[in-house]
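As structure tokens, the structure follows; a few thoughts come after it.
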Amino acid sequence: MNLLKSTKQFPKTHLVAVCTCAATVALALVFIPSQDVAAERGDKRQTIVLAAPSETQKTVSETTTKPTNQIDTAKAEATQPAIPVIALADTSPEPQLSAPTPVVEENWLRIKVRSGDNLTTLFKKAGLGANEMYPLINGIKPEKPFKRLMPGHQLEFLIVDGELSKLRLEKSKLESLVISKNESGYQIEKVERVPDVQHVYKQGNIEQSLFLAGQSAGLSQTKIMELAGIFGWDVDFALDIRKGDSFRLIYEELLLDGEVIKDGNIIAAEFTNQGKTFRAIRYTDSKGDSNYFTPKGESMRKAFLRTPVDFARISSRFNPNRRHPIFKTKRPHRGVDYASPTGTPIKSAGDGKVIFAGRKGGYGKVVIVQHGQKYTTLYAHMSRIKPGMKRGKRVKQGNTIGYVGSTGYATGPHLHYEFRVNGVHRNPLTVPLPHAKPLPKKEHKNFMPLAQEMVAQLETLAQTQIAAK
Ligand SMILES: [Zn+2]
């Protein structure tokens, strides 16, 4: 029997087909419902289409039968003026979707699988007997879709004139199987639903903390953490946040049948900290990897972690004129000391290669990592060097290389961390950190227009909110 992988969808999805045709005209003034599933898949075939003013929106919405409001402008009313929106449309030439086939839900008998249920008990509950069940099971062999019936799955029977015509097994909101009876026997079809994607705009002003401001803007805890993670390379959310800082973001919501099933990714965000504004755009490259970049294509990540250890306090700062606490002589302190319990993991601040791992005088057990030609980092007083760390070993940013201790000249457990640029010691707390690898040039023709549009959209939506107040 044939297992058909079908893209057959419920009516809304047919809007994709509408978009598909329209998007081939570069600046088609079409309101496109947020159907940018392509963005999710990292599909390269994307076109940015500017939405039309409200009149056009209406017209097109009518013809597509479903006026989907793409952007839920948090606090703004639905009646506010039209918001120019962008949508990423799949420009694949062939619309694979046929005309909508409405599913008449009333005739379906739905039975939820409970623990202890098997196909026999479920057929019984549906008023059907073995004479209906066995031909079906035999008809779809070697497929065994009912082998792993789980509580929570839903079985739906379409019974016509007392006979089973279709059976649908809903494994999740996104995946189901449909078995239908036809002249030649039974046919099994796998139906995968692609959720609709809606863009949501939120903004907030910080009075006390990002967390509280995020909550009152209606962001989930996860979204707040994601937002902090994106800007965490530039902003220290524990120390740098001030009253008056602000944020804006656009993220995706995934919907099925008009119901939000979960949050998607943050696709563009802005954070203003002490008057300085940072912007981040999510981009999926041609290999399918997604990362955040500045609108100029720089990585939001830095090539180095600012602090390579979770620490309780800074016990000694970088000081070229310090008197040494043990020797009582003038001895510069060429790094930062992070007091932390013995055994706390120490991470490599960046990608690189171990050039030394072992004991070295006052440093005690120490690891030195070289990062490209220009940079080296040094981690001293370890209680233990991580096994395998030896000269030539390649490490990634964040890899554990050893553990906090007090070997060598140390008054207590801490990490002594040094950062050298071209052989010169620099203050690890203030040295400007280079960005991680920027977006490759060949990605720019896809990324730049997207970045421009997203920045413009953040602007416009913010103004729309001001106007609405
Ligand atoms: Zn030190």
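The values are calculated or read from the model by the stated rules, or taken from the named source; none is laboratory data. In this text, all values refer to a predicted model and were calculated from it rather than measured experimentally. Here Cβ is always computed from backbone atoms with ideal geometry, including for glycine, and neighbour counts include all displayed protein chains. With ligands, DNA and RNA removed, areas are computed over all heavy atoms of the protein, side chains included. Shrake-Rupley method; radii C 1.70, N 1.55, O 1.52, S 1.80 Å.
Quick notes
- Filter result (in a loop (DSSP other than H, G, I, E, B), touching a residue at least 24 places away in the same chain (Cβ under 8 Å) and more than 16 Å from the ligand (Cβ to nearest atom)) within segment 373-385: 374
- Residue 370 being away from the ligand (no atom under 16 Å from the Cβ), in a strand (DSSP E or B) and either under 20 Å from residue 431 (Cα atoms) or more than 34 Å from the chain's Cα centre (by Cα) (or both): yes
- One residue stands out among those in segment 401-422 that are at pLDDT below 95 and open to solvent by 50 Å² or more (accessible area, probe 1.4 Å): the one that is farthest from residue 314 (Cα to Cα), which is 409.
- Test result for residue 297, small (Gly, Ala, Ser), modelled with pLDDT of 95 or more and within 16 Å of the ligand (Cβ to nearest atom): no
- Residue under evaluation residue 188, criteria (1) over 29 Å from residue 448 (Cα atoms); (2) in the same structural domain as residue 445 (by TED's automatic domain parsing); (3) outside any helix (DSSP H, G or I), criterion not met: (2)
- Filter pass, residue 430 being under 19 Å from residue 337 (Cα atoms), within 33 Å of the chain's Cα centre (by Cα) and loosely packed, with under 15 Cβ neighbours inside 10 Å: yes
- Residue 322, sole failed condition from (1) in contact (Cβ under 8 Å) with a residue 24 or more places away in the chain; (2) within 16 Å of the ligand (Cβ to nearest atom); (3) over 16 Å from residue 415 (Cα atoms): (1)
- Residue in segment 443-469 that is most open to solvent (accessible area, probe 1.4 Å), counting only those that are without any contact (Cβ under 8 Å) to a residue 24 or more places away in the chain and not hydrophobic (A, V, I, L, M, F, W, C): 469
- Among the residues making up segment 338-366, those that are assigned to a strand (DSSP E or B), buried (at least 20 other Cβ atoms within 10 Å of the Cβ) and within 15 Å of the ligand (Cβ to nearest atom) are 338, 346, 365, 366.
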